[in-house]
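Got a structure for you, written out below as structure tokens; questions coming shortly.
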Amino acid sequence: MRPSLLSQTPEELSEIMEGLGEPSYRGGQILEWLWQKRATSIEGMSNLPARLREHLKESFTLRSLSPAKSQGSRDSTRKFLFRLHDGRYIECVLIPASPALYGERSDRRTLCVSSQVGCAFGCKFCASGLDGFTRNLTADEIAGQVLLAEELSGEKVNNIVFMGMGEPLANLPQLLKALELITSPWGLGIGARHLTVSTSGLVPQIRKLADHPQQIRLAISLHGASNDVRDQIMPVNRKWPVDELFKALSYWTKRKNQKITLEYILIDGINADPAQARLLAQHAESLRAKVNLIPYNTVDGLKWKRPPEEECHAFRDILAARGIPATLRLEKGHDIDAACGQLRLKEEHAEKQDLS
Ligand code: SAH
Ligand code: SF4
């Protein structure tokens, strides 16, 4: 498989141009075609000499994602299914600002991107891990989701969350490169403060990213405030239990001087009792973290369900009473399989049935 031109940095492009005996400003022209003019073919880069275009076509691909399906929802959240060059699928979701959270005039448009095909971490409630792990996405496949979602929606994305399929911190080298493509002025030019990486709690990688100079934000999929609850639903907790995780998070807050978000799915009969709420409040307080409560979205083939609404509110009220900033998100896109991994699983299973 030829590498993608999209994943080349200015330094790498200059080196390539030098190797070809081309003037170094050609690298700048190529970057402009890729990220500003949004070229969809190498042939169309009309200010490059024909011989250079020929060479580039032989050595590189341009876009490695193609649109397979999109679903809009009533609240205008849109979900895209993209096909990769090897026939695999990933998904991403474009979420408009919630007027309740950001005010009527907010122009915030968040894209939720995938970082891997499948996921090896096997959280019991999650569609992404159901069929196991297939492969890491490359940096151009990660950043390419933004280009394609903008193209298909006609809108400019100004906020990115790494909460789609996969565990971004298990794909750290490509994640770091994607962050460069996304934040650089020559790339997508989206500020690091508008990027949130979500992890199920990979302690060594959290520490590593804490030392990374970019001011990206961190969200933790906590979903259980004690080891006994977390062990039941997140196998990763056996490797890095709650106290080790929180030590790494406190290191993060010291290094970055910013608030972490604790994501907490409310699952009926598992983690939504007042005792977990009180423990969660203690953890959040020790870190000065924000909490996002998300009533569970049902997944085909999984037995879990969300608690009754009163129970969700009661959970939130326990946090609020202790002064913890907590939002209870009545999930956008509930009607379009917006929980990560669901649309892609349906597509892959449908293809398997077609073949059998
Ligand atoms: N692997 C990373 C990022 C992807 S998961 C992580 O776990 O943080 C992104 C978020 O979607 C996680 O908080 C995950 O727990 C949540 N999620 C997964 N399945 C869900 C479901 N059925 N309903 C609601 N949220 C879900
Ligand atoms: Fe993987 Fe995150 Fe889903 Fe867990 S919640 S299986 S880490 S994608």
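Kindly provide the set of residues from the stretch 140-177 that are surrounded by 17 or more Cβ atoms within 10 Å (Cβ to Cβ), of a type in the set (A, V, I, L, M, F, W, C) and out of contact with any strand residue (DSSP E or B) (no Cβ under 9 Å at 6 or more places or on another chain), ordered by number.
Once the filter is applied, which keeps residues that are surrounded by 17 or more Cβ atoms within 10 Å (Cβ to Cβ), of a type in the set (A, V, I, L, M, F, W, C) and out of contact with any strand residue (DSSP E or B) (no Cβ under 9 Å at 6 or more places or on another chain), the stretch 140-177 yields ALA143, LEU172.
Output the residue which, of all residues in the stretch 122-137 that are part of a loop (DSSP other than H, G, I, E, B) and of a type in the set (D, E, K, R), is farthest from ligand 2 (Cβ to nearest atom).
ASP131
What number of residues within the stretch 165-175 satisfy the criterion of being assigned to a helix (DSSP H, G or I) and touching a helix residue (DSSP H, G or I) at 6+ places or on another chain (Cβ under 8 Å)?
Selection size over the stretch 165-175: 6.
Is it the case that the stretch 164-171 has a residue that's within 16 Å of ligand 2 (Cβ to nearest atom), under 30 Å from ALA39 (Cβ atoms) and at pLDDT below 95?
Scanning the stretch 164-171, I find at least one residue that is within 16 Å of ligand 2 (Cβ to nearest atom), under 30 Å from ALA39 (Cβ atoms) and at pLDDT below 95, so the answer is yes.
Let me ask something else about it. Would you say ASN292 is in contact with a His (Cβ under 8 Å, 6 or more places away or on another chain) and touching a residue at least 40 places away in the same chain (Cβ under 8 Å)?
Against the criterion (in contact with a His (Cβ under 8 Å, 6 or more places away or on another chain) and touching a residue at least 40 places away in the same chain (Cβ under 8 Å)), ASN292 does not qualify.
Looking at ILE270, is it of a type outside the set (D, E, K, R) and more than 23 Å from the chain's Cα centre (by Cα)?
Yes; evaluated as a whole, the condition is true for this residue.
Results for (1) in contact (Cβ under 8 Å) with a residue 60 or more places away in the chain; (2) away from ligand 1 (no atom under 13 Å from the Cβ), shown as yes or no for each residue.
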{"residue": "LYS124", "(1), (2)": "yes, no"}
{"residue": "GLY144", "(1), (2)": "yes, yes"}
{"residue": "VAL157", "(1), (2)": "yes, yes"}
{"residue": "GLY164", "(1), (2)": "yes, no"}
{"residue": "ASN171", "(1), (2)": "no, no"}
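The values are calculated or read from the model by the stated rules, or taken from the named source; none is laboratory data. This structure is a prediction, so every number in the text was calculated from the model and none was measured. Positions of Cβ are generated from backbone atoms using ideal geometry, with glycine treated the same way; all protein chains shown enter the neighbour counts.
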